[in-house]
Amino acid sequence: MGLTRLFTTSSKGWLGPAKCLSAALLAAAFSGACASPPASFAQDSDLEIRPLPQEDDVIVLQSDQLPGVRLTADVLYRLLVAEFAAQRGGFQPAADTSLELARFTGDPRLAQRAVEFYMLVGNYRGALSAVNAWRVIDPGNEEAQSMRLALMAAIGQTGGLVDALVEHVDARSDKTEALAQVMGILARMKDREEALQIITDVIDQSGQTGTMSAFMATADLAEAAQNYELAFEQASKALALDPGSEDAAMRVLDYGVPVDAQKAIAAARQFARSHPQARRLRLMLAGQMAEQGAIDEAFDELRLMSAEFPEDFDLLFIRAQFAFQMGRLDDASLLLSEFIEVQSQREDAMSAGATDATAALTDAYTLMSSIAERQGQHDRAVEWLGWIEDPTAMYSARLRQAKIRGDQGRVDEAVRMIDAAHPLDQDEQLIGVLTLTQILRQDGRIDQAIERLREADNQIPDSVEIKYELGMLLERKDDILGMERYLRQVIALDPGYAHAYNALGYTLADRGDRLGEALQLVTQAHQILPDDPYILDSLGWVKYRQGDLEQARRYLEQAYNMRPESEIAAHLGEVLWELGQQEAARAIWQEGLQINSQDPVLIETIQRYGADS
C-alpha cells in the first residue's frame, strides 16, 4: 500500500487512515468528554491515561503498539485546529500541527497524517520530515520505510539512498518483488540517468546481477533515461535468460525499435511464431510493423491471429480499429459488421447483464458512426449512434449526434437534440452544456451561448469549466470586466487552474493594461505548467508589451518550436520585425499562413506591417 498510496492521495480523501483518531476526538470534544479518551478509541487502541512525556523524551514503539495519550485541553485543541484547517483546505498548517503533535504524543498515526497533508500541497521535504518522525516513533513500520525511500527519490535526496535500497532488497526473501518496489521508488526521480546509475549499484551490491529481475529493471530505467542501446541490450539478455517470457519479448520489441527496428521486429516475429498465445506481444508487433510502413504485414498478423483464435471476438474489433486508423474504411466497416452480428447474437442469447455484449455493441456503433462521418455520410453517422441502447452511453451518443448536426450547419436541430436528452448526473450535464456552447460558438451565436452558460452557472455554481468558458466568451464581446470577474472566480475555486491565470494575463497584456499584473498572472501560470506552449506564448507577449524584445523572442521561439501554430507565428514574427529581423519575420509569417491561412491575428499582423505585398 505504501508507495501507491503515497502518490495517489487526493484532496477529496483527506479523512484518511487516521480518521478513527480524529473522528473520535471530535466526538469527544462536542460531547464534553475532554477529561478522558472516548470509549471507542480506547477499545480500539488500548489507550490509557498517563503523564505526558517531557519535550526531550523519545517515544519508541514496538510493532503495532500505540502510545498511551492523555487528552489534555492543549492536545485536543491542536487536534481540532489541524482537522478544521484541513477541512478548509489549509493542508500546510494542518500538516505542521499534526507533525508537532506526533512528536509530542508519540502517536505514529499523527505522523502518517502529517505525511498525507504535506503530500496534498506537494511539500515533499515536509513529508520526508514527517516520515522521519514516524520512523523514530515506530522504527519497524515498513510503510514508513517505503515512504521514506520514495520521498528521498522524489526530492533528489540521493545521499545514502543506494545503501537504504540495498538494505531494503536484502531484508526481503522475494527479490523480484523487492526490485519491483525499488523500481517504483526510482521511477519518481526526475534525473533518469541518476536513477539508472542507482539501480545498477543496487543490483550489484545486493548480489542480483544476472537475474531476470535485474535485467528487466535496468532495461526499464535505461529506456526512461533514453539510453535505448542499453535498454535493448538488457531486454535481450532477459529474453535469453527466459525465452518464454512475453514481458521480456515485448521489451525487446519496444526498446529495440529506436536502435534497430528490423532486428527488434524480427526477434518479436520469431517469438510470436514459437509462442502463438502471446496476444499482447503480437498486437504490439502489428502496431510496430504499421508504424514502420509495413501495413499489409501488420494486417496479415492480425488476420492470422483471428484465424488461430476464432473465439476471440475482440480481435474483430481490434482489426476494425486498426483498419480505421490506417484509413481502410471499407475493411473496417466489414469487420465491424461481422463483430456486430456476433455481439448481437450474444446479447440475444444471454440474460441482461450476463454479458458485455451491450457495451461491445456501443463501441461498435460508435466506430461505425465515425467511419460514416469520415466518408461524408453524416445522416448515416447519426443513425448509427441512434442504435446505442446502453443507458450509461446514451447521453454521450446524443451529444455526438448533436455535434454532427452542428457541423452540418443544422444548429437549431442540434440544440433541440441536446435539450431533449437526459443526463444521468451533473457530470453529464456539464459536458452537455459545454458541447452546446461549442456548437453555438462555432455558429457565431455568442449571445445565445453566454445565456446558456449563465443558466448553467446558476445550476452548477462551483464549475470552473463553465466560468472559464463564460470568461472567454465575454472577452469576445469586449466585456473585459465580466471576463475578469469570472476568471478570478475560477482561480478562487481552483488555484491550480493555470489557463485562467494565462487567459487573464494575456488579455491584459494584449490591451496594454496593468502589464505588471499581467506578468504576475502569466508567471503564475508558467509555474504551474512550465512546458505549456500557449503559456510560453503569453509570457513572450507580455515581455514584448513591456519592451523586453530579446526575452520576448526567446519565449516565443520556445513556444513556436514546441507547437508551431499560426497565432504564435504572428507574435514571433512581430517581435522579430521590431528587432530589425524583417526577413526572418516574413519567413515565420509565411510558415504561419501555411498552417492556417485564415487566422485573423496573423492576417492583421502581416497587413499592419505591410508585409502582404
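The values are calculated or read from the model by the stated rules, or taken from the named source; none is laboratory data. Just so you know, these numbers come straight off a predicted model, no measurement behind them. Ideal geometry is used to build each Cβ from the backbone, glycine not excepted, and the neighbour counts take in all protein chains shown.
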Residue check, Thr605 against (1) more than 33 Å from the chain's Cα centre (by Cα); (2) surrounded by fewer than 22 Cβ atoms within 10 Å (Cβ to Cβ), all met but one. Which one?
(2)
Positions within the range 166-182 being modelled with pLDDT of 85 or more and assigned to a helix (DSSP H, G or I), in sequence order
Val166, Val169, Asp170, Lys175, Thr176, Glu177, Ala178, Leu179, Ala180, Val182
Would you please name the residue that is farthest from the chain's Cα centre (by Cα), looking only at residues in the range 198-209 that are touching a residue at least 24 places away in the same chain (Cβ under 8 Å) and either surrounded by fewer than 16 Cβ atoms within 10 Å (Cβ to Cβ) or part of a helix (DSSP H, G or I) (or both)?
Gln205
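Residue by residue through the range 166-198, note down the ones that are more than 17 Å from Ile155 (Cα to Cα) and β-branched (Val, Ile, Thr). Even if it seems obvious, please write down each step before you answer.
From the range 166-198, those more than 17 Å from Ile155 (Cα to Cα) are 166-181; that's our starting set.
Those that are more than 17 Å from Ile155 (Cα to Cα) and β-branched (Val, Ile, Thr): Val166, Val169, Thr176.
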Can you give me the number of residues within the range 185-237 that are among the charged types (D, E, K, R) and out of contact with any Gly (no Cβ under 9 Å at 6 or more places or on another chain)?
9
Given (1) without any contact (Cβ under 8 Å) to a residue 24 or more places away in the chain; (2) more than 24 Å from Ala180 (Cβ to Cβ), identify the lone condition not met by Arg103.
(1)
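On the given criteria, is Ala585 surrounded by 20 or more Cβ atoms within 10 Å (Cβ to Cβ), closer than 25 Å to Ala500 by Cβ, out of contact with any Lys or Arg (no Cβ under 9 Å at 6 or more places or on another chain) and modelled with pLDDT of 95 or more? Before the answer, list the steps.
Numbers: surrounded by 20 or more Cβ atoms within 10 Å (Cβ to Cβ): yes; closer than 25 Å to Ala500 by Cβ: no; out of contact with any Lys or Arg (no Cβ under 9 Å at 6 or more places or on another chain): yes; modelled with pLDDT of 95 or more: yes.
Considered against the rule, which asks whether it is surrounded by 20 or more Cβ atoms within 10 Å (Cβ to Cβ), closer than 25 Å to Ala500 by Cβ, out of contact with any Lys or Arg (no Cβ under 9 Å at 6 or more places or on another chain) and modelled with pLDDT of 95 or more, Ala585 comes out as no.
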The range 110-132, residues that are crowded, with 22+ Cβ neighbours inside 10 Å and closer than 28 Å to Ala73 by Cβ:
Leu110, Ala111, Gln112, Arg113, Ala114, Val115, Glu116, Phe117, Tyr118, Ala130
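Those residues that are under 34 Å from the mean Cα position of the chain (by Cα) and part of a helix (DSSP H, G or I), I need them from the range 307-326; list them, please. Full working, then the answer.
So the first thing to find is which residues in the range 307-326 are under 34 Å from the mean Cα position of the chain (by Cα), and the list is 312-326.
Across the range 307-326, the qualifying residues are Asp314, Leu315, Leu316, Phe317, Ile318, Arg319, Ala320, Gln321, Phe322, Ala323, Phe324, Gln325.
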Residue check, Gln262 outside any helix (DSSP H, G or I), farther than 25 Å from Phe309 by Cα and of a type in the set (S, T, N, Q)
no
Here the residues within the range 214-245 that are more than 30 Å from the chain's Cα centre (by Cα) and farther than 17 Å from Ala267 by Cα are none
Residues located in the range 406-421, provided they are without any contact (Cβ under 8 Å) to a residue 24 or more places away in the chain and part of a helix (DSSP H, G or I)
Asp412, Glu413, Arg416, Met417, Ile418, Asp419, Ala420
Among the residues of the range 536-545, is any within 22 Å of Gly482 (Cα to Cα) and in contact with a Lys or Arg (Cβ under 7 Å, 6 or more places away or on another chain)?
no
Members of the range 327-386 found to be hydroxyl-bearing (Ser, Thr, Tyr) and either part of a helix (DSSP H, G or I) or under 32 Å from the mean Cα position of the chain (by Cα) (or both), listed by number:
Ser333, Ser337, Ser344, Thr355, Thr358, Thr362, Tyr365, Thr366, Ser369, Ser370
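Can you tell me which of Arg319, Arg328 is at pLDDT 90 or above, among the charged types (D, E, K, R) and touching a Ser or Thr at 6+ places or on another chain (Cβ under 7 Å)? Full working, then the answer.
Values: Arg328 fails: touching a Ser or Thr at 6+ places or on another chain (Cβ under 7 Å).
It is Arg319.
Return yes or no: is Asp412 within 26 Å of Leu385 (Cβ to Cβ) and touching a helix residue (DSSP H, G or I) at 6+ places or on another chain (Cβ under 6 Å)? Break it down into steps so the answer makes sense when it comes.
On the way: within 26 Å of Leu385 (Cβ to Cβ): yes; touching a helix residue (DSSP H, G or I) at 6+ places or on another chain (Cβ under 6 Å): no.
Considered against the rule, which asks whether it is within 26 Å of Leu385 (Cβ to Cβ) and touching a helix residue (DSSP H, G or I) at 6+ places or on another chain (Cβ under 6 Å), Asp412 comes out as no.
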Output the residue which, of all residues in the range 565-582 that are under 18 Å from Lys543 (Cβ atoms) and charged (D, E, K, R), is surrounded by the most Cβ atoms within 10 Å (Cβ to Cβ).
Glu574
Looking at (1) outside any helix (DSSP H, G or I); (2) of a type outside the set (S, T, N, Q); (3) within 22 Å of Leu436 (Cα to Cα); (4) touching a residue at least 24 places away in the same chain (Cβ under 8 Å), which is the only condition Glu465 fails?
(1)
I'm checking my understanding of the structure. Among residues of the range 514-545 that are free of Cβ contacts under 8 Å to residues at least 12 places away in the same chain and assigned to a loop (DSSP other than H, G, I, E, B), which one is surrounded by the most Cβ atoms within 10 Å (Cβ to Cβ)?
Arg514
